[in-house]
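To start, the structure itself, in structure tokens.
Each reported figure results from applying straightforward, stated rules to the coordinates on display, with no laboratory input. All figures in this text were calculated on a predicted structure; none of them were measured in a lab. Note that we place each Cβ from the backbone using ideal geometry, even for glycine, and neighbour counts take in every protein chain shown.
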Amino acid sequence: MWFFNSPEIVFGEESLNYIEQLEGKRAFIVTDPTITELGFTARVKEALQATGFDVAVFDRVEPEPSLETVRAGATAMTEFQPDWIVGLGGGSPIDAAKAMWILYERPDIDPEGINPIERLNLRQKARLLAIPTTSGTGSEATWAIVLTNVAERRKLALGSREVLPDIAIVDPSFVIGLPRRLTADTGMDVLTHAIEGFTCLWSNDFSDGLCVKAAQMVFKYLPRSYKDGEDIEARVKMHNAASIAGLGFGNSLASAAHAMGHALGGIFHVPHGRAVGIFLPYTIEFFARNEICNTRYGELARMLDLPHSTEAEAAASLVAAIRQLQLELDQPQTIAACGISHQDLEREMNLLVNNASNDNSLLTSTRFPDDGELRQLFEYAYDGKPIDF
């Protein structure tokens with residue numbers, strides 16, 4: 001038995017106007033300082049106020065939101081008592097909004113213990129609206145929550161189906177003119193979601209088509225978005241692709257590139273999309289070397305029009321296409337290219353391996369690496385060596 005979960009998604013030009021149809025009295029916006037500086041917070045706040053809402057703003061969410069920030073936001077939320085929570089921004093504010101919402105309704109919950117098994121009984125006090133301002137994480141369409149334990153330098157891959165947003169407003173006006181580096185980083189996150197969602201152990205008939213469509217859109221529209229931030233068609237397509245990939249992998253799950261990316265990001269603060277994008281080709285090569293694995297690279301290569309006659313050739317074609325895309329986006333293909341010294345990598349290797357091996361994303365990998373293999377994967381990804389084990 002499995003489930004397919006989706007919010008109500010409102011997308012396209014002027015979709016922010018859907019706020020006019022919300023019913024409620026008090027809205028609490030969770031966002032970050034950059035979104036406020038860009039004027040997006042004021043824009044959403046004014047739309048809510050025009051509908052009759054009293055509005056409070058918590059705009060202190062940092063990249064890789066910490067447990068401490070979540071607790072502080074939940075305290076402010078409890079004081080304000082909203083009936084709508086609005087996650088506005090990239091994955092960090094939306095994930096933080098989900099976690100704050102849980103603590104608002106269930107103050108007895110330890111945020112590190114959020115899991116898909118325990119019943120939370122949310123929506124007694126509030127519902128969740130998500131408005132993405134980057135085309136990447138797909139958090140507006142998933143029940144995943146990624147937080148950071150700062151003291152332990154560890155990312156926490158958490159989640160509950162109950163925190164799936166009630167409504168996602170996917171308005172492309174928020175991403176027109178998005179900076180090139182942010183476009184590239186978040187776009188690689190979309191591609192990693194799509195590929196891992198299609199090839200992980202829990203892939204299924206309901207998620208497959210979404211993952212394939214998102215991957216096709218990334219290869220077609222991400223280079224255009226990167227080259228021209230005002231390319232309206234490309235921006236619209238990538239914004240939709242992010243949510244489509246979120247629906248896809250959110251209903252199947254991710255894989256080893258996410259586990260390793262979480263570990264690297266938690267320790268060295270490499271942006272999430274950049275980190276998972278680095279590891280994606282290496283993990284594909286690693287999976288493809290085990291003939292027992294049902295990797296599905298042949299199926300994916302066929303739908304992406306990549307040359308192949310065997311599963312191994314399909315994996316190689318997919319890796320080549322990803323690396324060509326990285327070149328077009330000026331994205332690093334190795335850990336070394338992120339400015340991390342080999343000495344620093346070795347110093348942190350035990351923690352990297354431990355954090356990756358305990359990441360929930362690893363559970364759905366078609367080939368489960370042991371600690372020694374994870375160490376090798378990090379080493380090979382540092383040097384840019386093809387996987388041969």
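A few notes on this one:
- At 1.567 mPa s and 4 °C, Stokes D of the range 205-323 from Kirkwood alpha-carbon radius, µm² per second: 85 µm²/s
- Among GLU140, GLU46, GLU105: highest mean-square fluctuation, GNM of the chain, C-alpha pairs under 10 Å: GLU46
- Cα-based helix-to-principal-axis angle, 256-268 vs the chain, degrees rounded to 10: 70 degrees
- Residue-span extension gain [PHE206 to ILE176] - 0.36 nm each, minus C-alpha spacing: 7.7 nm
- Take every DSSP beta bridge whose two residues both sit in the chain; close to 20 percent of them are antiparallel.
- For LYS213, a cut-off of 16 angstrom between C-alpha atoms picks up these lysines, skipping any fewer than 8 places away in its own chain: LYS237.
- The charge dipole of the chain, taken about its Cα centre with unit charges on the Cβ of Lys, Arg, Asp and Glu (plus for the first two, minus for the last two), comes to roughly 180 debye.
- C-alpha center-to-center spacing [the range 108-164, the range 295-348] in angstrom: 29 Å
- What the Cβ-Cβ distance of ASP388 and ARG153 gives, at R0 = 35 Å and to the nearest 0.05, is a FRET efficiency of 0.70.
- Extended-chain gain in nm, criterion 0.36 nm per residue less alpha-carbon gap, TYR18 and ALA50: 10.3 nm
- Calculated P(r) of the range 20-164 - Cα pairs past 24 Å, %: 22 percent
- Sites ARG323 and ASN115, calculated FRET efficiency, Cβ-Cβ separation with R0 30 Å, nearest 0.05: 0.25
- When the convex hull of its Cα atoms is viewed from all sides, the chain shows a mean projected area of 17.5 nm².
- Kirkwood Rh in Å, taken over the range 231-389 so that all alpha-carbon pairs contribute: 16.3 Å
- GNM top mover of PRO307, PRO223, PRO111 - the chain, alpha-carbon springs below 10 Å: PRO307
- Spatially proximal lysines relative to LYS385 (Cα-Cα < 28 Å; intrachain offsets below 8 disregarded): LYS155, LYS220
- By the rule of a C-alpha distance below 19 Å, with chain neighbours fewer than 8 residues away ignored, the lysines paired with LYS125 are LYS25, LYS98.
- Nearest 10 degrees, 0 to 90: helix 91-105 Cα axis against the chain principal axis: 50 degrees
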